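Here the structure comes first, spelled out in structure tokens, and everything after it is commentary.
The values are calculated or read from the model by the stated rules, or taken from the named source; none is laboratory data. Nothing here was measured: the structure is a model prediction, and the numbers come from that model. Heads up, the Cβs are rebuilt from the backbone with ideal geometry, glycines too, and the neighbour counts pull from every protein chain shown. Accessible surface is based on the protein model in full, side chains and every heavy atom, while ligands, DNA and RNA are left aside. Shrake-Rupley method; radii C 1.70, N 1.55, O 1.52, S 1.80 Å.
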Amino acid sequence: MLCQAQTDKATDPLMKYEQQKQCEELVDQHIDNEIIKKRAENQQLLDESIKQNTH
């Protein structure tokens, strides 16, 4: 929906499609980056917990 709102002003259907596609790719990339970041944080917490509980 966010991408649709941003591309509603485009009058050329092809341009609108390209802008929406580009917007969706940026959103997907942001979501992927957040997932990777959370995974790394969780892995660090897990590693620390294992280290504390095995010594």
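Here THR11 clears all of (1) of a type in the set (Val, Ile, Thr); (2) open to solvent by 80 Å² or more (accessible area, probe 1.4 Å); (3) under 17 Å from the mean Cα position of the chain (by Cα) except the condition numbered (3).
Taking the options LYS16, LYS37, name whichever one is at pLDDT below 95, surrounded by 10 or more Cβ atoms within 10 Å (Cβ to Cβ) and within 24 Å of the chain's Cα centre (by Cα). I'd like the intermediate steps shown before the answer.
Values: LYS37 fails: at pLDDT below 95.
Only one candidate passes the filter, namely LYS16.
Take the conditions (1) surrounded by 10 or more Cβ atoms within 10 Å (Cβ to Cβ); (2) at pLDDT 90 or above; ASN53 misses just one of them, which is (1). For first residues located in the stretch 31-55 and free of Cβ contacts under 8 Å to residues at least 60 places away in the same chain, partners that are basic (Lys, Arg) and surrounded by 10 or more Cβ atoms within 10 Å (Cβ to Cβ) and lie 6+ apart or on another chain with Cβ distances below 7 Å do not occur.
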